[in-house]
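Some notes on the structure that comes next.
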Amino acid sequence: MNNPNALRIVEILEDLYPDALCGLNYEVPWQLLFATRLAAQCTDERVNKVTPFLFAKYPTLEDFAAAEQTDVEEIIHSCGFYHGKARDLIGSANMLLSDFRGIVPDTMEQLLRLPGIGRKTANIILGDVYDKPAVVTDTHCIRLAGRIGLTVNSEPYKVELDLAAIIPPEKQSDFCHRLVLHGRAVCNARKPKCAECAVLPYCAYNAASH
């Protein structure tokens, strides 16, 4: 679908949240990859409490590749789904070393080869690390895009395609970060603060409630 207000909404969120930064803390690309994997069904805040200990114990991909899964599980336990996540982190470390010379790949196709890595994580890497067009459809993005009227879909891939069609490529990654920030500050899941929302004049949710 097309939305004639999409560019105006992009501009409003740019003004509200000029620093469109990823909510996960990292120093090198593979750390962002691993932190994003840990963030599945977990908050960025929780992941940011865990990763300093995790990356201190395993400071290199080689360290991760040689790690015992039970040791990794113990550190990441509070992130949930820790068996699968620990297995994927170790597997990704091994594949990055064996197939990609230790470099996080810069294409969707190659990123999706890594254990446990889906399109959301891949798009975070493409946008934040490689500054490529990337639509990250996390729960905030899907909720706000639907409420505002930028998509009629709720399936992540369909939302990704809808937003990619109406948001300028160079603005997509930052736009998604700003949706997260706006979702946390104003347009929360249970009770959106519509009276405080600068996007209100362009919002389908507001129009439907009047």
Which condition breaks for Gly118 when tested against (1) surrounded by fewer than 18 Cβ atoms within 10 Å (Cβ to Cβ); (2) under 14 Å from the mean Cα position of the chain (by Cα); (3) more than 30 Å from Ala65 (Cα to Cα)?
(3)
For the list (1) over 17 Å from the mean Cα position of the chain (by Cα); (2) surrounded by fewer than 18 Cβ atoms within 10 Å (Cβ to Cβ), I need the number of the one condition that Leu96 fails.
(2)
Name the single residue, out of those in the range 133-175 being touching a residue at least 40 places away in the same chain (Cβ under 8 Å) and among the small types (Gly, Ala, Ser), that is nearest to Glu11 (Cα to Cα).
Ser173
Going through (1) within 22 Å of the chain's Cα centre (by Cα); (2) at pLDDT 95 or above; (3) under 27 Å from His177 (Cβ atoms) one by one, Ala56 fails only at (1)
Asp88 being in the same structural domain as Arg46 (by TED's automatic domain parsing), surrounded by fewer than 17 Cβ atoms within 10 Å (Cβ to Cβ) and either over 20 Å from the mean Cα position of the chain (by Cα) or within 16 Å of Pro115 (Cβ to Cβ) (or both)
no
With respect to Val10, is the statement that it is assigned to a helix (DSSP H, G or I), surrounded by 13 or more Cβ atoms within 10 Å (Cβ to Cβ) and assigned by TED's automatic domain parsing to the domain that holds Asp162 true?
yes
Among what's in the range 85-109 and is without any contact (Cβ under 8 Å) to a residue 40 or more places away in the chain and among the small types (Gly, Ala, Ser), pick the residue that is nearest to Thr51 (Cα to Cα).
Ala86
Breaking point among (1) touching a Ser or Thr at 6+ places or on another chain (Cβ under 9 Å); (2) aliphatic (A, V, I, L, M); (3) at pLDDT 95 or above, for Ala40:
(3)
Being among the polar types (S, T, N, Q) and crowded, with 19+ Cβ neighbours inside 10 Å: is that true of Asn48 here?
no
Residue list for the range 166-207, restricted to those being over 16 Å from the mean Cα position of the chain (by Cα), loosely packed, with under 14 Cβ neighbours inside 10 Å and part of a helix (DSSP H, G or I)
Pro169, Glu170, Ala185, Ala195, Glu196, Pro201, Ala207
Looking for whichever is assigned to a helix (DSSP H, G or I), of a type in the set (Val, Ile, Thr) and at pLDDT 95 or above here; the options are Ile90, Ile103. Which one fits?
Ile90
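The values are calculated or read from the model by the stated rules, or taken from the named source; none is laboratory data. All values reported here derive from a predicted model rather than from experimental measurement. No Cβ is skipped: glycine too gets one built from the backbone with ideal geometry, and neighbour counts run over all protein chains shown.
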